[in-house]
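The values are calculated or read from the model by the stated rules, or taken from the named source; none is laboratory data. Computed from a predicted structure; not experimentally measured. Positions of Cβ are backbone-derived with ideal geometry, glycine not excepted, and every protein chain shown enters the neighbour counts. With ligands, DNA and RNA removed, areas are computed over all heavy atoms of the protein, side chains included. Shrake-Rupley method; radii C 1.70, N 1.55, O 1.52, S 1.80 Å.
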Amino acid sequence: MRPVRVVQGTMVPLPRADIDTDQIIPKQFLTRIERTGYGEFLFWDWSRDGGGAPVDGFFTNDPARRGAKVLVAGDNFGCGSSREHAVWAIQDWGFEAVVAPSFADIFKGNSYQSGLLPVELPAETVTELMMAADDPNAIVTVDLERQIVICGDLQASFEIDPTVRDRLLKGLDAIGLTMEHEAAISAYEAQRPEWLPRSVTE
Amino acid sequence: MPGRTLFEKIWNRHVVTGDDPALLFVDLHLVHEVTSPQAFSGLDFNGRKVRRPELTVATIDHAIPTVDRHVMIRDPQSRKQVDTLRQNCARHGITLFDLDDPRQGIVHVVGPENGFTQPGMVIVCGDSHTSTHGAFGALAFGIGTTEVEHVLATQTIWQRRPKTMAVEVDGELPLGVAAKDMILGILATIGVRGGTGHVIEYRGEAVRGLSMEERMTVCNMSIEGGARAGMIAPDDTTFAYLEGRPHAPKGAAWERALDDWRSITTDPDATFDEVTRVSAPSLIPHVSWGTNPGQTVAVSDVVPSPDHFDDPLERDSAARALEYMDLRPGTPITDIPIDHVFVGSCTNGRISDLREAARVVEGRKVRDGVSAVIVPGSMQVKAQAEKEGLDRIFRDAGFSWRDAGCSSCLAMNPDVIPAGERCASTSNRNYEGRQGRGARTHLVSPAMAAAAAINGHFVDVRDWR
């Protein structure tokens, strides 16, 4: 995973609450076995009409929005299906952070795993950012090290789990870190009750 | 020492190291074709192995056809994805319930029916409906693909300690009101974000009175309230379901397990971070009218007006949902015509669900113009239904009788609902485009779906005769 320190760039406002992962990346794109190549299908049903033609005005079809780094959305972003493809699609399109009043638990976890920065700010601050984001050239800075978001006169601090922050800043691989606890895992395994199910006999 | 909840007891006994976040040991890792390929390729790329293949079980369910599946999966990408799972399981020594295996089925149906799912366990799967397994008094939750890779490599997972929420369902569930109506009623109460950051324990007289399959329906949709997991304390109903299942403990081990399982229930003096009460006697069959599972009303009610919502965001969301669903405020729910009926999914694809649907259908015909489909949750459910003659009842009525899989619940396979058409569905999500682009989903119980198939519109199954 690449380290995440500062995300700086333009924004895209998506003023809707409860945006589910089925909207972010519809199921017909989940049969791929790769981690990449989802960006062009981001928000497919909102970006294309029934015949597959681009929907005018949706940000994925707006040249002025190309290159944006931060998505600003409503409450409970990423609810529903656990598909990590949703995070991959958002990153693949070019976003490096999502700002919202709240995130669904699984989506937030998946973002941390893939190095997409989910930033929770109070609803009023998100509304302010959304208004600023109407200007496709407005620049926002999300600084993970200082845990602040800056956009023009707006400056807001955000909370993030310190363990996660540290891992994101260093771009560390979770499996490698966990295996430093190999001895503890083995000790745990040695005392598990014998009746617990196994799919095949060892 | 203060009393502890079921959740706290299971959490504490699975901590390998750390506090918050804690590294939890995973007793059972369920795997399917859609969320695992990138996890396996990550392992291969780093030269890692699966730490405990015998604590891992794989099945094929999400993207497979429910007809003629032994011929060939037509979609080349789905076929490649299924073949990839086969290769990954073979290479890493993981048991796979392949398409020719009589145990194949939806991951959250096959775990319990084979006795893998047991009280007190930590269970994960790259699927948000893993909360289903909480019905046994297990801590079970959905994870993403990077976490799937982590569990494959380490048999553990890092977790922040969630908060606890008790949902107390008091009184008795009325006749004709299903477990599905109970969970839809709970979701209407707590909303689609009410459970965020929490693990729910469903409690109370009405919950104790549910069968195991009904409990699975309730726990299954915990994620629809945003909860990390949902669980129900194990009791004699749980033990009776488990006894004799292929992977359940046997002989002296069964007795030891029983003693242990009885000790993990919530202590009388334990407290929850939040408590919500729902009255079972006031529950009625529910039908969803909108595009999230919190947007439901009683079948006897009408489509609500966005003006009924005080919160401006809820109002916008309702207006947008009504537009997508092509519904007018004030329309009686029983006046809504139906084009499709889907009975199946990890929510309502078990044998008791098919029995409920068959009871409604027996001796009747599916309304002209309605396409009605039954997709058993597993091939064992299918075999049992055929033994009981349920398939005949459905076929005679004009239902299509399929092989097991997730099917129209998420429509990754060919069972897609066409744009603009309306489906009464026993599944769990009514999001825009969930069952197909432009498709309109109404979430209901199996009996309500079956009755809608016969009538061509919704009816109150409490009046069924």
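With the simple spin-label model, which puts each label point 7 Å out from Cα in the Cβ direction, the residue B:300 to residue B:392 separation comes to 3.7 nm.
What is the sum of charges around residue B:124, taking Lys and Arg as +1, Asp and Glu as -1, for the other residues whose C-beta is under 10 Å from the C-beta of residue B:124? Result for the neighbourhood of residue B:124: -3. Within the accessible surface of segment A:6-191, defined with a 1.4 Å probe on protein heavy atoms only, the carbon and sulfur portion equals 49 percent.
When chains A and B come together, the accessible area they lose, probed at 1.4 Å and totalled over both chains, is close to 5600 Å². Averaged over its residues, segment B:37-108 has an accessible area of 43 Å² per residue, based on protein heavy atoms and a 1.4 Å probe. Over all distinct Cα-Cα pairs of segment A:6-191, the Kirkwood formula returns a hydrodynamic radius of 17.4 Å. In segment B:416-446, comparing the full protein assembly with the chain on its own, the residues that lose 20 Å² or more of accessible surface at a 1.4 Å probe are B:429, B:431, B:432, B:433, B:434, B:437.
Net length available on complete extension from residue B:262 to residue B:163 is 33.3 nm, with 0.36 nm assigned per residue and the Cα-Cα distance removed. When the other protein chains are added to the chain by itself, burial of at least 30 square angstrom of heavy-atom accessible area (probe 1.4 Å, ligands and nucleic acids ignored) affects these residues of segment A:96-114: A:105, A:106, A:113. Report, for chain B, the % of DSSP beta bridges that are antiparallel, rounded to 5. Of those bridges, close to 25 percent are antiparallel. Over 27 Å apart at the Cα level, from the set A:170/B:49; B:163/B:250; A:27/A:69, are B:163/B:250.
Stokes-Einstein, applied to the Kirkwood radius of segment B:9-141 over Cα pairs at a viscosity of 0.692 mPa s and 37 °C, places its translational diffusion at 208 µm² s⁻¹. Put a plus charge on the Cβ of each Lys and Arg, a minus charge on the Cβ of each Asp and Glu, and nothing anywhere else: the dipole of the protein assembly as shown about its Cα centre is then about 1460 debye. Between residue A:169 and residue A:135, the distance separating the two model label sites (each 7 Å from Cα on the Cα→Cβ line) works out to 3.1 nm. Candidates A:47, A:183, A:139 compared by Cα position along the dipole of segment A:6-191: farthest toward the positive end lies A:47, with charges placed on Cβ.
Positive-end ranking of B:348, B:182, B:42 along the dipole of chain B, with charges on Cβ about the Cα centre, is headed by B:42.
Paramagnetic label reach from residue A:123 (point 7 Å along Cα→Cβ; backbone nitrogen cut-off under 20 Å): within segment A:6-29, residues A:13-20. Charge dipole of segment A:6-191 (Cα centre as origin; +1 on each Lys and Arg Cβ, -1 on each Asp and Glu Cβ, all else neutral): 400 debye, rounded to the nearest 20. For the protein assembly as shown, the C-alpha radius of gyration divided by 2.2 N^0.38 Å, with N the number of residues, is 0.91.
The sum of -39500 (n - 2.57) across all DSSP H runs of n ≥ 4, divided by the residue count of the protein assembly as shown, sets its helix-only mean residue ellipticity at 222 nm to -9000 deg cm²/dmol. Of all DSSP-defined beta bridges confined to segment A:6-191, some 50% are antiparallel rather than parallel. Fully extending the segment from residue A:182 to residue A:47 would add 43.9 nm, taking 0.36 nm per residue of separation and subtracting the current Cα-Cα distance.
Per residue, the accessible area of segment A:6-191 comes to 38 Å² when a 1.4 Å probe rolls over the protein heavy atoms.
Placing unit charges on the Cβ atoms only, positive for Lys and Arg and negative for Asp and Glu, gives chain B a dipole magnitude near 940 debye about its Cα centre.
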